[in-house]
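No lab work stands behind these numbers, since they all come straight from the coordinates. What you see is a predicted model, and the numbers here were worked out from it, not measured in a lab. Note that each Cβ is placed from the backbone with ideal geometry, even for glycine, and that neighbours are counted across all protein chains shown.
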């Protein structure tokens, strides 16, 4: 089955700096890669996603890049703000049911 | 759009009790819903895929007789934890997907505590 690795597990940046979180996946058949933000005790919220036929996608301060050959994808957050502090999960989806396999999560802390 | 409601948000009960959790898609029809379990400071682990009108597909290691899933309509799936024990204490989250689309939308989760 699919295996998704995520790094780093914790990340501390100063407000205004950029944050980058990286994930690798094992199943070359995976074709959909969402990123979720989860605040403590709350639901995961989809922040951006990318399909396997696209190399990069951007939405305001958030961007995701995908390298299918190397089987890795990354989340980039620019001009970080304290409200960006949360746990971020990457995921990869395979099959017609689009089952998600999640990474282990990155706890991002944005300090003033 | 794509709102998923999960109920209850918190359950505290004695060992041996069965607990039912509901997951509803409020503004769309969900032919497929997913059930996850999340232990503290850990990732989401898929337990099963719930398809409307058919049996759920369970992930390896998940006991189907302990975690009963019913998806009787296009907007409702239920997870029943039967004869719950303290080791079943966890955060259970459902998600739903609009037919033909990839993104999964999550409910608020249910924090289950078995005493």
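Structure above, values below:
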{"item": "Kirkwood-based shape ratio for region B:18-68, expressed as Rg/Rh from alpha carbons", "result": "0.98"}
{"item": "Per-residue average of Cβ from other chains inside 10 Å of B:104-115", "result": "3"}
{"item": "Rotationally averaged projected area of chain A (alpha carbon convex hull; nm²)", "result": "6.7 nm²"}
{"item": "Ellipsoid semi-axes in whole angstrom, largest first, where each is sqrt(5λ) of the Cα gyration tensor of the protein assembly as shown", "result": "30, 20, 16"}
{"item": "Convex hull of region A:20-85 built on C-alpha atoms - directionally averaged projected area, nm²", "result": "4.9 nm²"}
{"item": "Directionally averaged shadow of chain B, computed from the convex hull of its alpha-carbon atoms, nm²", "result": "6.7 nm²"}
